[in-house]
Every structure is written in C-alpha cells, then in structure tokens.
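All remarks here apply to the structure that follows.
Any read-out appearing in this document is the output of simple, stated calculations on the displayed coordinates, not a laboratory observation. These figures come from a predicted structure and were not determined experimentally. A quick note on method: Cβ atoms are made from the backbone with ideal geometry, for glycine too, and the neighbour counts reach across all protein chains shown.
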Amino acid sequence: MAQIPRAAIDYLTRQISACSADAQAKALKLLEKIDWSDVAAAREAVVEAVNILVREYGLASAQAAADFYDASRELCVGEKLGAKAYTAHDPRATEWAIRAFASRIVKDGDVDGFNKAVCSRIGYEIRRDANECIAENGAKDPLKPKFARVPGGGETCGFCLMLASFGYNYNSRRSASHTHDNCDCRIVCSWDDDGAEGYDPDGMYERYNKVLDSIGGRSGIRDEWDALPEEERDAYIARHGGKQGEAFDAFLNNRVSSEIERRGAAWFRTGTPAGAAERDEFLKTATLKIKRQKQLNHIAGTRESAKVAMDRGIAPSCFTIGLDEIQDLVTELSGTGKAETSRDGSWSRKETVDAGRVIGFVETDHGRIETSSFKIHYSNTGTHAVPTYGRRGDEV
C-alpha cells in the first residue's frame, strides 16, 4: 500500500497557483489599459482576452494535474494511465460572467470592482480545470478509482473542509467542480486503501458530526430554516431551481461550514486546536510570572482598577481573588485551555481557561456577571490575566 506524498500534492498546488497568478497578472495589466468610454467594445475586448488566457493557462493547469494523476497511479498500482489534459473551459460561460461583472461599470462606474471580479474568475477557472482534469481521467480509468477532496495546509475555507470530510467515494466527482480563487484543495484519487499523506477523512468526518451536533443537528437547523422569513426562504429555494430539498441542504451546509471556519481549519483538519502547537512550544521556555502592575488593573478594589473604570467609563473585568491566587491559577492552568488565534490562524499569545469556580466578574450591558473563566495574556516578559465570560470569552 502506497500513500500519495503530501509533497506531491503541495507541488501540484504550487503549479496551479503559479498558472493562476501569471494569468491574473497579465489580465490586470491589460484591464488597467482598457478605455471604458465605449462599454460594449471594452467588454468584448475583455471577453476575448480572458478567454485566450483561460484557455492557455487552464490547459497548463490541467497538464500539471494529468502528470500528477499518472505519477500517483504509477505509485499506487504500478502503472500509468496515460492521463490527458482535459479542461472544463466553456467560453460562453466565461463571456456571460464578464457581462455580469460589466454591469458594475454601467451602474456605478466601479472599474476596480470589475477588474477584481474578472481576475477572481480567471483564478476560479484555472483551478477548476485542474480539478476537472483529475475527475475526468478518473472517470475514464478502467480501475475506477474513488475521489476525495484533500485540503491543503493553509486556511482552507469551511465549505471545502466540509466536502473533504466526506472522504473517498465514487460520487464525489460532483464536488470536483466546487472551487474558488485561491482554493488550496486538490481532487485526489484512491485506487485501493492508499490514500494521501496527512489526509484523515475519518477524523474529519467525526469532527463534522461534532460541529453539526453543536449547532443543533439537522432537526435544529430545520427549525432555523422553518423560522426564516418567507421571502428569504423563497429566495433561497429559487436560487436552487425551485427544489426545496436542495435549498435546505445548501442552508444546512452553509451553517456547518460557517461553524467550521469559526472553530478553525487547523482543528478540523487535524483535531489539534488551532494555535495549540505554537502555545505549547512557547510555554516550554516562557515565564509565567504575573506582571504586577498590569494585573492590578484587573483586581477588584485596587486603586488601579478604579482608575481604569474612571478613564474608560466602565469597570474592567476583575478578579475577586488576590494576586498570589491568580499566580497559582496561571501556573496551574496554563496550557490546558483554548489557544486563541489571529485571523491568519496563528496563535495570538492568549489562552482561555476555566478555574472550575467563581474567580471574578465581567461588566456587561446587562450588569455584572460572575465567571469562572479567564484569559491568560502571555508575553516574553511575563503574563497577566483577565476574567472572561461567554463563548467568545468577552472581556473589558
């Protein structure tokens, strides 16, 4: 049994990304020179140029995918297929997309918005060509491989991660057409139980079900669907060809994928909470000593916290325990809570933990709320902690 190496998948992604970036750069150079005094003529010039770029770079992207297919097949079953560079490029679809984008210029003169939309469309088509090439070769392969969507190592979108959790099956070719500009997912085939290095569909599917359960399961989301304003629900159904079942499934998938993104791509891919590895590495050499002056701002009854309240016009979140006890809790609980992350998925040097008993309060619009949770703020020169409350760990 041979696994498809992660390095091979990442190399394919770099090739596809290079095709996309080069095509978009050439398109933007052309777009910036377009004279929009005659919108119809300008639009036709863009359609012609974009179709040429997508045809050329989409073929290059598909060829990279075909080479990857043959290399993967030879590794797993000992023989190449002789994969071909199939593309999904439809010039008329490209034209109609550009016509739709051009309405922005007609409506409000938004040339920048048009340029961005065109470049994004180019990226989408080039990435789709690579995915469809894998899918088409797999469909023609006499060994009838299964398909899976394998996420990359970046901040993969929640919808792609959800699709990836469904694993290898014969029907997932349909998901191959789902892509977007900057998508780092690859459609990968499996001829046996070989799989792809670093791809854990069973673990991801387990986490998919956890996410689904956490937002009420299908029945809870059905209740949300039924509670939508009639106009909004009807519009949803209309966007899905009048098919209520498909519209509800799309609504459910959007709810799940949004929750996946909230929890973090790294956690969904690996089961390890986002930022946890960085936090654990930092704590190996970190000083956990409380920074006294900063901590006094968040202890009830101190002059420092009173001054903060006066300056801000609202009392800060405060501990109702002393400095030594806070220090003991930080020492005991550091590394046991939820590592907070920045938008890019990196650790923000904050961690939310729970003391298991009331240790302070948070001032809210609804009054003072006691809490057992607090957020540790780490730095290279020491720490301080702030009581938090609620799912987001609100603090003042």
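Structural remarks
- Contact order relative to length of the chain, as percent, for alpha carbon pairs under 8 angstrom and 6 or more apart: 12 percent
- Gain in span if fully extended, S219 to A41, counting 0.36 nm per residue against the direct Cα distance: 58.8 nm
- Gaussian network model of the chain, Cα within-10 Å springs - most flexible of K294, K80, K33: K33
- Charge dipole magnitude, Cβ of K and R +1, D and E -1 - the range 205-270, Cα centre, debye nearest 20: 440 debye
- The distance between label points at S103 and A250 comes to 1.6 nm (points 7 Å beyond Cα on the Cα→Cβ vector).
- Within the range 205-270, the ratio Rg/Rh, alpha carbon atoms throughout and Rh by Kirkwood, equals 1.03.
- A simple charge model with +1 on the Cβ of Lys and Arg, -1 on the Cβ of Asp and Glu and nothing else charged puts the dipole of the chain at about 460 debye relative to its Cα centre.
- Helix 244-263 vs. the chain, principal-axis angle (Cα, 0 to 90°, nearest 10): 50 degrees
- Computed from label points 7 Å out along Cα-Cβ, the spacing between A277 and N380 is 2.3 nm.
- Considering only S17, A164, A130, and ranking their Cα positions along the charge dipole of the chain that arises from unit charges at the beta-carbon of Lys, Arg, Asp and Glu, the one farthest toward the positive end is S17.
- Contour excess over end-to-end distance, with Cα ends at E74 and H240 and 0.36 nm allotted per residue: 55.7 nm
- The ratio of the alpha-carbon radius of gyration of the range 246-322 to the globular-protein estimate 2.2 N^0.38 Å is 1.81.
- Residue (of G356, A41, V54) at the positive-pole extreme of the chain, dipole from beta-carbon charges: G356
- Mean projected area in nm² (Cα convex hull; one quarter of hull surface) for the chain: 25.4 nm²
- Within the listed set T94, T336, T156, the Gaussian network model of the chain (springs between alpha-carbon atoms below 10 Å) gives the highest mean-square fluctuation for T336.
- Degrees between helix 217-227 axis and first principal axis of the chain (Cα, 0 to 90, nearest 10): 80 degrees
- Annotation for A93 and L28: the two label points, set 7 Å from Cα along the Cα-Cβ direction, are 2.5 nm apart.
- Selected from F251, A266, I187, residue furthest toward positive end of dipole (the chain; charges at beta carbon): A266
- Across the range 54-65, computed HN-Hα scalar couplings (Karplus, 6.51 cos²θ - 1.76 cosθ + 1.60, θ = phi - 60°) run 5, 4, 5, 7, x, 5, 5, 5, 5, 5, 4, 5 Hz from first to last residue, x flagging Gly and Pro.
- Sites E232 and D202 - FRET efficiency at Förster radius 22 Å, r taken between beta-carbons, to 0.05: 0.05
- Anchor K26: lysines whose Cα lies under 18 Å away (excluding residues fewer than 8 positions away in-chain): K116
- Helix 111-140 axis, angle to the chain major axis (alpha carbon atoms, nearest 10°): 70 degrees
- Entries of K307/K375; K80/K210; K210/K350; K146/K243; K307/K350; K289/K338 with Cα pairs more than 31 Å apart: K80/K210
- Spatial offset of the range 1-29 relative to the range 58-82 amounts to 14 Å, using the alpha carbon center of each.
- The range 276-388 - Rg (one decimal) and Dmax (whole number), Cα, Å: 14.0, 41
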